[in-house]
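The values are calculated or read from the model by the stated rules, or taken from the named source; none is laboratory data. None of the values given here were measured: they were computed from a predicted structure. All Cβ positions, even for glycine, are placed from backbone atoms using ideal geometry, and neighbour counts span all protein chains on display.
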Amino acid sequence: MSLIPAALATATGLGVAGAAAGLVLPQRGRGAVVGVLTAGVGVAGGASGVAALGGSRWSAEIPGLLPLAGTHFAVDALSGLFMAVAGAVVAAVAVYGVGYAAGHGAHGFGSRGAQGLLPLFALTLVLVPAAASVSTFLLLWELMALTSLLLVMAEHGARASVREAAVWYAVMTHLGLVLLLAGLSVFASQAGGETFAALRTGTAGTSPTVRGLVFVLTATAFTSKAGLVPLHAWLPRAHPEAPSAVSALMSAAMVNLGVYGLVRVGFDLLGGGPAWWWLLVMAMGGLSAVYGILQAAMASDLKRLLAYSTSENMGLVVLGVGAAGLFAHAGDKALAGLALAAALLHVVNHSAFKSLLFGAAGSVLRATGERNLDLLGGLRARMPITAGLFALGALGAVALPPGNGFISEWLLLQSMIHGLAVPGVTTAIVLPLAVAVIALSAGLAAVVFVKALGVGFFARPRTEQAAAAQESPLLMLAGMGLLAALCTALALVPGLLGDGLDRAVAAVGFAGTHPVSGGGLRVRLDEVSASLSPLWMVAALTVALGAVTATTTWASRRQQRRTNARLWDCGGGAPTPRMAYTATSFAEPLQRVFDDVLAPEQDVDVTPVRESAYLVERVAFRNRVPDRIEYRLYRPVLDFLAAAGQSARRLAGGSVHTYLGYGFFGLVALLVVLVVGW
């Protein structure tokens, strides 16, 4: 028995055992047992993914598990990449979750229901990429959606906003399921079979119109799961309200499966397609990247900020996927392989730094009970380890060296820039815009995380809770430490993933392109004659930073003057935390620049002193930056449905005669339709 089936069988057994333990064990010790078993799911699933990235392949059919259709599994290098990423994130977050659950007692994340669901959710994250038939894929996809939905609701008793977020998530994810079911059903009916092997074989005989319909339906469903604009409305609601361990799994592992589905169906099963497919994908990716990071820049809720950052990063990934499709359509498989490899590498990097950031946000929330940056501050001194780990994750998110996000965005830029040599008006127009989107999103990301770090960790504490914060438990720090080690390894030696990325790209039709090579210490792009050594870059930056720090320290000591005189404060007194920048005020200049896009809502309420028109008793200022897409797109639909529901209530008047009339006229209409059809 090879490693892949043995590891998947082990992961399944551990997942079921973890679910049972979460449901039946007493509160004491329940979190530890569930955490160990969930971590085992991650390790076993990740091991199977690593084996697939190393070149192993496996497929199997279990006939009796599902009626009629049976259950089909297959693992190749593309599946292995997403399984390895999910397994690594699950293992680290499971360790983190043991300490996180201890602070919730028998409620919220520490409850029997949440602890029983966590291993099952982790198991679906590993198994979805291994599905090899429509029925198996949809079953695991829906199980993943249901378990994540119930985990989002874990703290519904504490906040009404949790229930609202769960409703949004439930509606959006099941609309996506309907589209996915429709698209794959049409595909299977035309291909003459529902296994992925049958779909690959049957796509050649499918008409271009049907193939386009299948792609639009499935791509819409997959980009909804990935949190892309305009189908992102669930993401900034569900991720902040879920327990932080669940937020980390959703943002760093679950959204990746939307990208996996897009690549699997678009390139592998449908075999690629016309340029308009990929232009549509690139448009959604570019819009998500810019809009997501703009909303993150305006957010003062730390977890909401990270959720919008997920939308931005998934937009960059999908931008790379769309560019790969565009290059493949133009006949340049080498550039297509490079763009797809860059997108897949960014999936890996984003999973590492985003799970670390959500873990640090959960640590802050546990210590202060607050996630509003305007009410935090001073955490660098009170929680130095969490602050350092958040800074490491933020460095990856801003795509600057030595952060791990730098190398994947550099690869993405290389593919776009060299893609300008591809002939055609479309590439000449689209690719410069794509380069501008990547550059703009990187610059805005720097603003976002400077704000989060500066206001939340380095500013003075603004509340008693922030001033009294204490460092998180050891297991929470250990889980974040594992993720930090992963971020560091990806930043210093990303070339270790080169062979695995080559195999993943080859699995969907770009065999022989070898987009990334050069070994562990260097990334070399043979097709475009470019290379980079992140380790040497980090060494040079470290030496330069050390030299600047030493010089500055020496100069300041020479010029230091001892004085006991108090600095002149213009009569205003010593600075207070209220005088420092808040997250809202920090983002205000950027809000002015993008005022037409963001359309902020501001209101000033002046209350004069009684019986005086000149003296002011109180001034209230409110500034709100709503999600304009949600406001313009979703609100009218919701208002229409609400009005239709209210109108429909008039039909139920309580009269038996009326109901009999409905039945009579309905029967007559049915008979007329049948007669006309006959």
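Within region 306-342, count every residue that is hydroxyl-bearing (S, T, Y) and either touching a Lys or Arg at 6+ places or on another chain (Cβ under 8 Å) or free of Cβ contacts under 8 Å to residues at least 24 places away in the same chain (or both). It would help to see each step written out before you state the result.
Filtering region 306-342 for residues hydroxyl-bearing (S, T, Y) gives 308-311.
Then keep just the ones that are either touching a Lys or Arg at 6+ places or on another chain (Cβ under 8 Å) or free of Cβ contacts under 8 Å to residues at least 24 places away in the same chain (or both); that gives 309-310.
So the answer is 2.
Out of all the residues in region 455-487, which are within 24 Å of the chain's Cα centre (by Cα) and surrounded by fewer than 17 Cβ atoms within 10 Å (Cβ to Cβ)? Correct list: A478, A485. In region 258-274, the residues that are closer than 19 Å to L231 by Cβ never reach a residue that is of a type in the set (K, R) and at pLDDT 95 or above with C-beta atoms less than 6 angstrom apart, at least six apart or across chains. If you go through region 501-513 one residue at a time, do you hit one that is at pLDDT below 70, within 26 Å of G80 (Cα to Cα) and not in a strand (DSSP E or B)? The answer is yes, given that some residue of region 501-513 is at pLDDT below 70, within 26 Å of G80 (Cα to Cα) and not in a strand (DSSP E or B). Pick from L486, L440: which is in a helix (DSSP H, G or I), closer than 16 Å to F390 by Cβ and hydrophobic (A, V, I, L, M, F, W, C)? So the residue among L486, L440 that is in a helix (DSSP H, G or I), closer than 16 Å to F390 by Cβ and hydrophobic (A, V, I, L, M, F, W, C) is L486.
Having 2 or more residues that are closer than 23 Å to N349 by Cα and in contact with a Ser or Thr (Cβ under 9 Å, 6 or more places away or on another chain) is the bar; report the helices (runs of 4 or more DSSP H) wholly within region 195-279 that clear it. Walk me through how you get there before you give the answer.
Details: elements: 196-202, 208-225, 235-241, 244-249, 256-263.
In region 195-279, 208-225, 235-241, 244-249, 256-263 are the helices (runs of 4 or more DSSP H) which contain 2 or more residues that are closer than 23 Å to N349 by Cα and in contact with a Ser or Thr (Cβ under 9 Å, 6 or more places away or on another chain).
Screening region 61-113 for residues that are over 30 Å from E194 (Cα atoms) and of a type in the set (S, T, Y) and picking the one that is surrounded by the most Cβ atoms within 10 Å (Cβ to Cβ) gives Y96.
Could you tell me whether L379 is over 23 Å from L496 (Cβ atoms) and either of a type outside the set (G, A, S) or in contact with a Ser or Thr (Cβ under 7 Å, 6 or more places away or on another chain) (or both)? Spell out how you get there, then give the answer.
Numbers: over 23 Å from L496 (Cβ atoms): yes; either of a type outside the set (G, A, S) or in contact with a Ser or Thr (Cβ under 7 Å, 6 or more places away or on another chain) (or both): yes.
Yes; evaluated as a whole, the condition is true for this residue.
When you go through S363, S355 one by one, which is the residue that is part of a helix (DSSP H, G or I), in contact (Cβ under 8 Å) with a residue 60 or more places away in the chain and in contact with a Ser or Thr (Cβ under 6 Å, 6 or more places away or on another chain)? Among S363, S355, only S363 is part of a helix (DSSP H, G or I), in contact (Cβ under 8 Å) with a residue 60 or more places away in the chain and in contact with a Ser or Thr (Cβ under 6 Å, 6 or more places away or on another chain).
Considering region 374-412, and only residues there that are more than 21 Å from the chain's Cα centre (by Cα) and of a type in the set (A, V, I, L, M, F, W, C), the residue that is farthest from L316 (Cα to Cα) turns out to be A381.
Say whether the condition of being closer than 16 Å to A504 by Cα and either out of contact with any helix residue (DSSP H, G or I) (no Cβ under 6 Å at 6 or more places or on another chain) or touching a residue at least 12 places away in the same chain (Cβ under 8 Å) (or both) is met by at least one residue in region 26-46.
yes
Please go through region 314-343 and give me each residue that is closer than 18 Å to V505 by Cβ, out of contact with any helix residue (DSSP H, G or I) (no Cβ under 6 Å at 6 or more places or on another chain), in a helix (DSSP H, G or I) and not basic (K, R), ordered by number. Give the derivation first.
Our first condition is that a residue be closer than 18 Å to V505 by Cβ; within region 314-343, this holds for 316-343.
Still in the list and also out of contact with any helix residue (DSSP H, G or I) (no Cβ under 6 Å at 6 or more places or on another chain): 330-334.
Checking the rest, the ones that are also in a helix (DSSP H, G or I) come to 333-334.
Selection gives A334 alone.
For first residues located in region 157-183 and more than 13 Å from A233 (Cα to Cα), partners that are of a type in the set (V, I, T) and at pLDDT below 90 and lie 6+ apart or on another chain with Cβ distances below 9 Å do not occur. Looking across region 64-83, the residues that are in a strand (DSSP E or B) and closer than 26 Å to F510 by Cβ come down to H72, F73, A74, V75.
Taking the conditions exactly as written (assigned to a loop (DSSP other than H, G, I, E, B), among the small types (G, A, S), modelled with pLDDT under 90 and over 27 Å from L3 (Cα atoms)), does G113 satisfy them or not?
Details: assigned to a loop (DSSP other than H, G, I, E, B): no; among the small types (G, A, S): yes; modelled with pLDDT under 90: yes; over 27 Å from L3 (Cα atoms): yes.
So G113 fails the test.
Restricting attention to region 27-63, the residues that are assigned to a helix (DSSP H, G or I) and of a type in the set (S, T, N, Q) total 3.
Of all residues in region 9-35, those satisfying the criterion of being of a type in the set (V, I, T), buried (at least 16 other Cβ atoms within 10 Å of the Cβ) and more than 25 Å from the chain's Cα centre (by Cα) are T10, V33. For region 481-498, the set of residues classified as closer than 20 Å to A341 by Cα and aliphatic (A, V, I, L, M) consists of L486, A489, L490, A491, L492, V493, L496, L497, listed by residue number.
Regarding region 424-437, can at least one residue be identified that is exposed (fewer than 15 other Cβ atoms within 10 Å of the Cβ), at positive phi and not in a helix (DSSP H, G or I)? Within region 424-437, one or more residues are exposed (fewer than 15 other Cβ atoms within 10 Å of the Cβ), at positive phi and not in a helix (DSSP H, G or I).
The condition of being modelled with pLDDT of 90 or more and touching an Asp or Glu at 6+ places or on another chain (Cβ under 9 Å) holds for only one of S135, S148, that being S135. Among residues of region 203-213 being at pLDDT 90 or above and surrounded by 15 or more Cβ atoms within 10 Å (Cβ to Cβ), the one that is nearest to G271 (Cα to Cα) is R211.
Tell me which residues, restricted to region 1-20, are touching a residue at least 40 places away in the same chain (Cβ under 8 Å) and touching a helix residue (DSSP H, G or I) at 6+ places or on another chain (Cβ under 6 Å). Result: L3, I4, A7, L8, A11, L14, G15, A17, G18, A19.
From the set of residues in region 150-180 that are part of a helix (DSSP H, G or I) and not hydrophobic (A, V, I, L, M, F, W, C), which is farthest from G116 (Cα to Cα)?
The residue in question is G176.
Please tell me if Y100 is among the aromatic types (F, W, Y), part of a helix (DSSP H, G or I) and modelled with pLDDT under 90.
Numbers: among the aromatic types (F, W, Y): yes; part of a helix (DSSP H, G or I): yes; modelled with pLDDT under 90: yes.
Yes; evaluated as a whole, the condition is true for this residue.
Check R618 against each of (1) more than 39 Å from the chain's Cα centre (by Cα); (2) at pLDDT 80 or above; (3) surrounded by 10 or more Cβ atoms within 10 Å (Cβ to Cβ) and name the one condition it does not meet. Unmet for R618, out of (1) more than 39 Å from the chain's Cα centre (by Cα); (2) at pLDDT 80 or above; (3) surrounded by 10 or more Cβ atoms within 10 Å (Cβ to Cβ): (3). Among (1) among the acidic types (D, E); (2) part of a helix (DSSP H, G or I); (3) within 30 Å of G454 (Cα to Cα), where does D603 come up short? Only one criterion in (1) among the acidic types (D, E); (2) part of a helix (DSSP H, G or I); (3) within 30 Å of G454 (Cα to Cα) is unmet by D603, namely (2).
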